[in-house]
Each structure stands twice: as C-alpha cells, then as structure tokens.
Amino acid sequence: MSPVTHHDDPDPLPHAPTPELQRAQEERLREAWRSPSGWRYWSDVNNTIVGIWYTAVAFLFFLFGGVLALMIRLQLAVPGNDFLSADRYNQVFTVHGSVMMFLFAIPVFESIAVIFLPQMLGARDLPFPRLSAFGFWCFVLGGIFLSGSLLFDAAPRGGWFMYPPLTSTYQPGVGADMWLLGFSFIEVAAIAAAVELIVGTLKCRPPGMRINLIPLYCWYVLVAAAMVLFAFPPLIAGSMLLELERAFQWPFFDPARGGDPLLWQHLFWLFGHPEVYIIFLPSIAIIAMIVPTFARRPIVGYGWIVLAAVGTGFLSFGLWVHHMFTTGLPGVSLALFSAASEAVAIPTGVQIFCFVATIAAGRLTHSVPMLYTLGGLATFIIGGLTGVMVALASFDFQAHDTFFVVAHLHYVLIGGSVFPIIAGCYYFFPLINGKKLSDKLGKIAFWFLFTGFNATFLPMHLTGLRGMPRRVFTYPEGLGFDALNLLSTVGAFVLAIGVGIVAWDIVRPKKKQPLSERNPWNAGTLEWLPRMPQENWGVRSIPEIDSRYPLWDQPNLVRDVDQGRFYLPDAEEGKRETLVTSPIDAEPVQILRLPGPSFVPALAAITLGGFFILGTFYLWKAAVVSLVIALGTILHWLWTTTAVIPEKAEKSAGLGLTLPLYSSGAKSVGWWAMLITMLAVFTAFVSLVFAYFFYWTIHEDFPPASATGPGVFWPALGAALLLGAWALTLLARRCNRVDNAPAFYAFLTVAIVGSLAGAAALLAGPWRTGLDPTRHVYDATVWLLAIWTALHAVVGVIMQGYCMARRAAGRMTGRHDIDIHNVTLFWHFVAITTVIAAGTIAGFPLVK
Amino acid sequence: MTKRISTEDAPHEKRENLWLLIVSPTIWAVHFLFSYITAAVWCAKVGSPGGSLQPVRWAIAIYTVIALIGITFNGLSGLRRHNFGTESLPHDFDTPGDRHRFLGFATVLLAGLSAVATLFAAAVVFYFFDCR
C-alpha cells in the first residue's frame, strides 16, 4: 500500500546535485567523520565504532562466563567430584552469574543499541557520543577488574545476588568489595548509555518519523533504557549501604545493631527483577526487526507490541518479592507479587502472538536469523511457562533454591536473550564490515546450541524437583541426581561447541569473501540504507520518512539518500552534525554539532574507576585523589566541548529549511540528559528513604529509645538555606537571560555561600546531637541521608561556580544559556531532595 | 507507488501529551504500592500474625475502585482519540491524524492491561483474611 503523508511534508530535491558537488559533499562528510588512525584510533567516539568495541568486549566476557559455566558443569558431572574445591566453586558460580548479567547481558543490549539506533533513526550519530565512549571505558575497566579477581583467588563468593550476612560478616577479603564497587562503577556506565538511548530515540529521529512510525526496536530500547533509570539506582544505593557496612561498620544489615539483611534483598531484587526484562526487551526487539523482514510483510499488531513493551516495563517493577517468597513475609504481600507476576505474562505473551501472526500472515523465507529466532522463541516460551509456575508462591516454596529455578532462569535468559542476540548477529553482521556470516556454519552452530542447551537444562527441571539444591559444590551418590547431572554436563559441552562455531564464524578471516549486496535481506527499515561496507557518516543525507518500512514503501529512497537529495547532505564547516527533531512528530528543530575523537572520556573513566578500584582496597586517600582528577577531567570535558557557542546562529539543513545551531532549556538535548540522569539519582535517594521507612516498619526500636538526634533545628536550618540557594539560582538564571551581569554574579555568590552553609547545617544535625553511625542503624541512616543531601549541595556549588566562570569567560551569554538552565534543573532536584531528607530525619521522629 | 496526501485536520503535536500513554500503568503501580504498603504496615505495626486483615481488605477494595475509575477515564480518553476521524487501524500513516489515533489506541490497550493487573492484585482480598 502506498504511504499517506501530511500536506506539509517536503519532497526530496527533484534533481540530483551535479556529480562533482556530490563527490565534494561526500569528501567533506568523510573527512568530518573520519576515524583517527594509529593508536589514536582508540580515541574515537563515533557510536557505531564504540558500539562495535563494546559488543566485542561484551562477547569476550560472555565467552569467559561460558568457560566458568563449563567448570561448574565439570565439577557437578559426577557425585563427590573434587575438580573444584568448595571455596573455588563458590567463586566460580558467583563470577559466572555476575559476568553473564553485568558484563554481558546488560552491556550487550546497550552496545547493540548504540550501533544500530542511529542507523534505524537515520541519524548521523546519537547526541552524546563521548558519553558512550565514557561508558565503554568504564565497562572495560570494571569488567577486567572483577573478572581478574578470580585469577588471584580473591573473587566474591556470595552468589551474584550477594546476600548479607554471607557477604558482610562471613566474608572477609576484598572479593565482595570488588563486586560492590566494581559493579557500582559499571552501573554508572549503564545509566550513561540509558541517557544516550532515551534522548536519541526521542530527539534524533529523521523528519516525518512520527511516534506511530518508530521502528519497534526503538520502542523496546526506549522502554528498557527508562527501566535502567529506575532499576539500577536501588542496587547502587544497596551496594553503597553494604560497602559502608563492610568498610566502616555502619550496621545497615546487622540485626545486632538494628539492621536487617532483608533490606538488601528488597533493594537487590527491586533491581534484579526489572533487570531480567531490561535484558529481555531489547533482545526480543531484535526479533521484532527480523520477523517482518523474513515474513515479507509489516509486523502484525504494532500497537499491541508497543503495549507489550510499555506494559512489561511497568509490571516488571511489581515482581521483585517473588524472589523472596520464602522469607516469611505475610501471605497477603506474597499474593500481591504473585498476582503481578502472573499479570506480566499477558504482555509478554501478546508480543509472541504478534510475531506468530506476522509469520502466519506473511510468506516466510527460511534463513539463519529466522532459525535462531524460532529456536529462541520456543525456548523462551518454555522458560515463561515455568516462570508462571514459580510465580505461584505455593509451588515456589517447593522449588525455591533448587535446580528447577536454575533451569527456569536459563530457559528465559538464553531463549529470550542469547538466541535472539545470535539471530541479530547473523542478521546485522553485514552492517558491521560489509560481509555476511556463513549460512552453513550458522545452521550447524544452531543445532549444536539448541540440542546442547536442551540437553543441559531440560534435565535440571527434574534434578531440581528431585530436590537438588542450587549452589552446592557436590552431592552424594544415589539420590537420583547422578545421571541427570552427567547429561547436563555433556549437554553443556555440546552447547559450548555451538558457541565456539559462532565465535569462529565471527572472527574467521573474510578477506577473500565478496562484499554482501546492499540490504541483503531486503528489509524495510532504515538501518539497511548504507552501502557495503558502510561509511562512518551514518547516513549520506537524512531522509524524510513516510512509513514504518520506508525502504519498502518509499520509491527511490535509496537513490535520493545517496545523491544527497534530503537533509544535511554536506559538512560545509567540516563539523560532525546531526538533526534534532521534536519528540512526537519528529519535526526538525535544530542542527546539533557533535564532538569528535578525544581521549578525555577514557581518561575520565580511568580516573573515576581509580576511585572505585582503590576504594576496594580501602586506599581511601589515593581513591579521593583519583576522584578529584576525574572531576577535573570531566570539568575540562564540559568546558571545552559542551554548550559551545556556534559561529553563526543558524544554517541551512537543505530542502529550504533553516535551523538554529544552538538551543537551551527544554529544547536542548543536554537539558534532557540532565533530567534523565537526575531521575536516576533521585531514584537512588528514594531507595535510601525507603530504607529508613523499611526499618521503621519492621523494627520496634527504630528510632531507638536512646536516639538523641538529629533534632529539628539543624535539619530545618539546612533545608531553609538550601532552598534559599535554589531560589537564588533561579533568579540568577533570569538575570543572565536579561544580561544583568552584576546581579547574576551577586545571586550566585550568595547562593554558593548559602549552599555550603546549608550542607554544613544538615551535617551538624547528626553531628551536634551525637549520633554515631556505627552504634545503631538509626544513627547510620540519618547520617547517610544528611551526607547524601549535603553532597548534592556541594556538587550544586561546583555547578554554580562553573556557570559564573562560563559567563566570565564569554562562553555563556544571555542568549546562549544552556549551562545555567541545566544547573537550575539540577537545583530543582537538590530542592526536592532537601525537603524530603530534612522532612524525614527531623520530622518523622516527631510523628512517631 | 505514489504518495497520497492527507489534508485531515488533526491536533498539532503541541496539543498532544505523551504522558497520557502511561497514566493507566502508573495508576496500577500506585494501587499496587498502596496495597502492599498498607498490608505491610498493618501486619507489622497493628495486626498480629493471626490477627484480622479486615481493614486492609477494605482499604484495598477502596483503592481498587478508585484505581479502576481512573483507568476507565484514561481508557475512554484513549478510545476517543483512537476513533478520531475516519481512518482505522493500523494507524501507520505519516499524518498527525494517525499519530493522534495511534497514541489513543496504545492508551486504550495499556488501560486494559492495567485494569486486568489491578484486578489481579485486588483478588487478594478474596483469599487472605489474616496476616499469616
């Protein structure tokens, strides 16, 4: 069917630019987007390049996690085996789970998305390429740090969920600290990627790609990235509490001093369950791209799949207690979570029906990506069905902590994530280096993977139902586990052969292999526009979109894009640029200049990583020095490449459209990045407040009768001063807008003094009233809320000073005021945080 | 294939609100949290393990009625937008009208899912009579 468009939509240029002009344009674009050569290659920040590094490293961690899995299976192959000692086994299964979750599943979602999102959106790049590079280097550093611990017999031993007191009182050594600090660091990278993906999807679409035309992959990624913002902060908050207990004896999880180990489980699973869907949604998203291509028709039920993605995103936050069914919570609480766990099967099922309907309604062509897609769906459905079983509390009481759960989670994660990712690998590979992977090897690998996987994990259901517990390093003979375990071990090696074949297919030399034809699968979406092999510029000219499947529905699209008949066909000033569009209708609003290659993101990652790594070994002085260097690096980064005032106010984007080069406030991408980042930070803060009220709910002695503080005076004074600083920052923004420089500097100077005084007053509360954070969890929680808020104020002060310096240096003016807009937004969050923190620590004891 | 041009008069993007899409799931989340917190605080602070859950059951029932009213309103507003103009599903035209209808349709679907999930949660009042 021919697409229907709006009467305002422009057509591409009726005539191609002259061949000379096209060549000159291409040369300028090529030059602007050129990757650095030699060792400087590693300073590149182009998302497509960084995304490929990111995916490759994540895949290496996957192989590493796989080797650990084989070690586990070897140890369990026969009863009474001594291949691994109990302690070594504990390290191996802990690192296996942690690596697969934190170093493969989450990063690979983000890395695949940063490669393909710009291409699906017909964008030159995503809005914050250096942020993606920063995230990548954080990930590499944190990942090597954690994995390396295994070589020194120093790895964590508490399982990937790190329950205290097993990981506090009973686990000396640095293993648990490595986990807590290393992964907190990697979670920073995940949140950085989420910012990039959300702003990219909402603001960098091609003109005409209204919200009803977005590729389904982008919907899924948008939902998963939004979930990261609300799922990861509780774990960051929990990790902070556990590390404070381990390093400084603040008793958050120590019942002897009022703490509660169950709080960790709440915070961990508040992250851990949504995380399963954060892994699953972007993987199933790949299937949503593959199925229409090979069914040769548009997806059936686009709106229903959007329902599935958004609905799953929400419901997955109401499931966390189903990991805690056996902790003795009241039945009514368990039932609420059981109900939500059953409800989430509805949207999950809906999208699978949509895929099946698309296949049934289309003309299916057989292909390797489709083989993995169908294998993955079949596997995932089995995992989903056992998921519905364990979502019933009464069944879970029997199956909890047995191999049944191991089987269930592997069916879900391998069916719902690994198979779709391999499908994506075979499908998208031509976009990486212009060559296809081998159909033959792909098919052989599939059957090894599929049979190996089922031989490994299907018997585990029975092993579990017969009563074999998880996480035991061996088992006695004759309990009915022997043959099943041996079968699982054989299956694991068959599975490993399949993985090995896929790995070989990816790395095998392909020099002699001819280039793939362009759009080899005859797909309909924009990522298949590029020539083979593709250029670094992302898209030759940014097209006007009329359809969900523009390559199928828009005649001459490829020709018009290639000849530069659409938007931004040139890089006249030699700068990297992309279009920013409005979030709903994708109307062009700005031409965004993007930064080029730099080692600054890597340096920022290394120095910030230094803080976490040195902290692991309790080298706090060196850690703080590293943190200060990181702060300096980040300030340098911001100073030199963000909110740069362009040499002219606007420029032509082509097709008669002239757009501004600078936008501030809610129109700027930086403002959105600040908003999204602060939502994540605020969620971490809410998790800490949750801790306060959790203790109050569960424990009679919270606050203990002996509590002496923090009183009302100091918190109230601190809050008043910080709210004053917030109001002055708002006034300063107005004064800057009207170019009243004296008032701008005066207001911000007073705001800085007020902020520092406010932070001091907040800390004076617990300090002057003698609260000792190592004495009781109440004291520790009050201290933590006060410190958290005071730290916000200090960061706010740095930002206020930064704005004054920017204006003084002529880098911020009345019209070019991105910096002060974003700082004001930060201060809105400081104000909310202050009110809640002061209200909680000063006000709540009065209520009681 | 030639493009067809629509001259339909639909609301401009500035009068469209993306947040309406997630009103119903948010209501579900608030209902869920309120039910959970009410039960948890009651059982920890007021009731004993064998004690009555009656006030909590009433509270959850009241939350449910309020939540379902909210979800219904949101769903109906979505339905109105879904039925805007003369075009029908799959709402895949590059026009403000189809964008408007699509957002309405997605709102209806999410309202339906949220209503079912809310009723699932509310079902606890039929099964639990004490804090065990």
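Some points to look at:
- Radius of gyration over Kirkwood radius for the range A:697-847, both on Cα atoms: the Rg/Rh ratio is 1.10.
- Distance from the Cα centroid of the range A:398-421 to that of the range A:1-22 is 50 Å (rounded to whole angstrom).
- Here is the P(r) of the range A:147-295: all C-alpha pair distances, binned every 5 Å from 0, give 2, 9, 16, 17, 15, 12, 10, 8, 6, 4, 3, 1, 0 in whole percents.
- For the range A:663-725, pairs of C-alpha atoms spaced more than 17 angstrom apart make up 68 percent of the total.
- Neighbour-count order for A:PHE690, A:PHE139, A:PHE152, A:PHE611, fewest beta carbons within 10 angstrom listed first: A:PHE152, A:PHE690, A:PHE611, A:PHE139
- Using the empirical formula 2.2 N^0.38 Å as the baseline, the Cα radius of gyration of the range A:480-631 reaches a ratio of 1.68.
- With the simple model of a label 7 Å out from the Cα in the direction of the Cβ, A:ILE144 to A:LYS440 spans 3.8 nm.
- Calculated [θ] (222 nm, deg cm²/dmol) that DSSP helices of n ≥ 4 give over the protein assembly as shown, each run adding -39,500 (n - 2.57): -21000 deg cm²/dmol
- Residue-span extension gain [A:ARG734 to A:ARG296] - 0.36 nm each, minus C-alpha spacing: 152.1 nm
- Counting all C-alpha pairs of the protein assembly as shown, share separated by more than 38 Å (%): 47
- Counting beta carbons within 10 Å around each of A:TRP137, A:TRP767 and listing the fewest first gives the order A:TRP767, A:TRP137.
- Which of B:VAL23, B:ALA59, B:LEU76, positive extreme of dipole for the range B:19-126 (C-beta unit charges): B:ALA59
- Ratio of Rg to Rh over the range B:19-126 (Cα coordinates, Kirkwood Rh, two decimals): 1.18
- Look at where the Cα atoms of the range A:327-390 and of the range A:691-713 average out, and the two centres are 43 Å apart.
- Taking the empirical scaling 2.2 N^0.38 Å for compact globular proteins as reference, the range A:266-357 has a Cα radius of gyration ratio of 1.26.
- Restriction of the GluC sites (Glu not before Pro) in the range A:1-43 to DSSP coil positions whose beta-carbon has at most 12 other beta-carbons within 10 angstrom yields no sites.
- Selected from A:PHE248, A:ILE49, A:LEU319, residue furthest toward positive end of dipole (the range A:48-507; charges at beta carbon): A:ILE49
- Taking N as the residue count of the range A:768-827, its C-alpha radius of gyration divided by 2.2 N^0.38 Å amounts to 1.68.
- Selection of trypsin sites (Lys or Arg not before Pro), the range A:602-675, meeting DSSP coil and at most 16 other Cβ within 10 Å: A:LYS648
- Amide H partners (placed H, <5 Å) of A:GLY654, local residues excluded: A:LEU568
- Over chain A, Cα pairs under 8 Å with separation of 6+ residues give a relative contact order of 17 percent.
- In this entry, the range A:379-485 is assigned a mean projected area of 8.2 nm², taken as a quarter of its C-alpha convex hull surface.
- Cα-only radius of gyration and Dmax that characterise the range A:48-507, units Å: 21.3, 67
- Cα centroid of the range B:50-73 to Cα centroid of the range A:615-671, whole Å: 48
- Length released on extending from A:TYR170 to A:ALA503, taking residue separation times 0.36 nm less the Cα-Cα span: 115.9 nm
- Relative contact order %, the range B:74-132, counting alpha carbon pairs below 8 Å whose residues are six or more apart: 38
- Rough spin-label spacing in nm, given labels placed 7 Å along Cα→Cβ, for A:VAL795 and A:THR642: 1.1
- Ordered by the count of other Cβ atoms within 10 Å of each Cβ, fewest first, A:GLU196, A:GLU577, A:GLU245, B:GLU16 give B:GLU16, A:GLU577, A:GLU245, A:GLU196.
- Taking 0.36 nm per residue of sequence separation and removing the Cα-Cα distance, the A:GLU650/A:ALA256 pair yields an extension gain of 135.3 nm.
- Rounded FRET efficiency, nearest 0.05, which uses the C-beta distance separating A:PHE397 from A:SER706 and R0 of 51 Å: 0.85
- Note on A:LEU657/B:VAL65: beta-carbon distance plugged into 1/(1 + (r/R0)^6) with R0 of 51 Å gives a FRET efficiency of 0.50.
- Close amide H pairs (under 5 Å, H built 1.01 Å from N) link A:HIS6 with B:SER6, residues at least 5 positions away or on another chain.
- Between A:LEU63 and B:LEU18, the distance separating the two model label sites (each 7 Å from Cα on the Cα→Cβ line) works out to 3.9 nm.
- For the pair A:LEU631 and A:ALA24, a Förster radius of 41 Å applied to the C-beta separation gives a FRET efficiency near 0.40, rounded to the nearest 0.05.
- Folded to 0 to 90 degrees: helix B:54-82 orientation relative to chain B principal axis, Cα: 0
- Shape box of the range A:10-96 [Cα atoms, principal axes, largest first, Å]: 77, 34, 18
Taken together, the values in this text are just the output of simple stated rules run on the coordinates, not laboratory data. What you see is a predicted model, and the numbers here were worked out from it, not measured in a lab. When we count neighbours, we look across all protein chains shown, and the Cβ atoms used for this are built from the backbone with ideal geometry, even at glycine.
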